[in-house]
Amino acid sequence: MPLRADLPTHASSADNTRRMIQLQQITKRFPNHGGVTALSDVTVTIPAGQLVSVVGPSGSGKSTLLHLVGGLDRPTSGRVIVDGECFGDLPDDALTRARRQKIGFIFQFFHLLPTLTCVQNVGLPLHLAGWSRAKAAERARELLSMVQLEQRLDHLPDQLSGGQRQRVAIARALAASPKILLGDEPTGNLDSRTGQEILTLLADLNARLGSTVVIVTHDMNVARTCGRVIAMRDGAIVEDSAA
């Protein structure tokens, strides 16, 4: 399906070497949970436009890493630099604004509002950003068509399959044209066939839009679909290689 002219891409020849995500000597401790150290001296760089998986068992630190990249948490020490901005240095309101503008989140359990239609769910972030109802709905319909749900625009979430709900969640994540997509176990609540369809969709979006995509998973079969695999254990990166 060709891209519409009004759906911006983030890819360019210069982007191939630009550092979109930089974690510099990151440590993250949780003093209220027995002093657990979730990440210890983690350093990694992800170029713009790359499709990356972060894999590891439960408790390895992969979700903590994703939350730091997404601006949902702050490191105990070290620097998180996203698209040239050091997230740890931003005040809360500026961090919220940067997160809305730069990052789209895709979760395992979809987090769709059950009383809103597909169009309304996808358009919700745009309403929060000040878009008019008509413009938000138009943008939502474009994105739902892009993820092949043009026949489900007015359906509620409980009228959709798991795979269709995840496609709605992906469309919502793309609403503000983010440079980065972060997937936290995006196939974990799906059967294997549907999960593969979602992975294919994410890879296609990465290739067509040039978005930087980071997928956290415990499943090596999922991880190997990405061009780069970062393996974690006990809060540290133990391997970083091409899939």
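The values are calculated or read from the model by the stated rules, or taken from the named source; none is laboratory data. From a predicted model like this one, the values you see are computed outputs, not experimental measurements. As a convention, Cβ positions derive from the backbone with ideal geometry for all residues, glycine included, and neighbour counts pool all protein chains shown.
Condition check: of a type outside the set (F, W, Y), more than 21 Å from P186 (Cβ to Cβ), in contact (Cβ under 8 Å) with a residue 40 or more places away in the chain and part of a helix (DSSP H, G or I). Does E142 satisfy that?
Here the answer is yes, as E142 does meet what is asked.
Restricting to helices (runs of 4 or more DSSP H) lying wholly in the stretch 42-134: which have 2 or more residues that are within 14 Å of the chain's Cα centre (by Cα)?
In the stretch 42-134, 62-69, 92-102 are the helices (runs of 4 or more DSSP H) which contain 2 or more residues that are within 14 Å of the chain's Cα centre (by Cα).
Within the stretch 65-91, can you find the residues that are at positive phi and of a type in the set (G, A, S)?
Hits for the stretch 65-91 are G71, G78, G84.
Spot the failing condition for T115; the list is (1) farther than 24 Å from M20 by Cα; (2) buried (at least 16 other Cβ atoms within 10 Å of the Cβ), and only one is missed.
(2)
Give the number of residues within the stretch 183-209 that are over 22 Å from G70 (Cβ atoms) and crowded, with 20+ Cβ neighbours inside 10 Å.
Within the stretch 183-209, residues that are over 22 Å from G70 (Cβ atoms) and crowded, with 20+ Cβ neighbours inside 10 Å number 0.
If you go through the stretch 149-182 one residue at a time, how many are part of a loop (DSSP other than H, G, I, E, B) and either at pLDDT below 90 or crowded, with 18+ Cβ neighbours inside 10 Å (or both)?
Total meeting the criteria: 9.
In the stretch 114-122, is there at least one residue being free of Cβ contacts under 8 Å to residues at least 24 places away in the same chain and more than 16 Å from P178 (Cα to Cα)?
Yes; the residues of the stretch 114-122 include at least one that is free of Cβ contacts under 8 Å to residues at least 24 places away in the same chain and more than 16 Å from P178 (Cα to Cα).
Can you tell me which residue in the stretch 73-90 is surrounded by the fewest Cβ atoms within 10 Å (Cβ to Cβ), limited to those that are within 14 Å of V42 (Cβ to Cβ) and among the aliphatic types (A, V, I, L, M)?
I81
For the stretch 3-22, indicate whether the set of residues that are out of contact with any Pro (no Cβ under 8 Å at 6 or more places or on another chain) and modelled with pLDDT of 95 or more is non-empty.
Pass one, the stretch 3-22, residues out of contact with any Pro (no Cβ under 8 Å at 6 or more places or on another chain): 3-14, 21-22.
Going one step further and asking which of them are modelled with pLDDT of 95 or more, we end up with 21-22.
Within the stretch 3-22 (the criterion being out of contact with any Pro (no Cβ under 8 Å at 6 or more places or on another chain) and modelled with pLDDT of 95 or more), the answer is yes, since at least one residue qualifies.
Is it fair to say P186 is assigned to a loop (DSSP other than H, G, I, E, B) and touching an Asp or Glu at 6+ places or on another chain (Cβ under 9 Å)?
No; evaluated as a whole, the condition is false for this residue.
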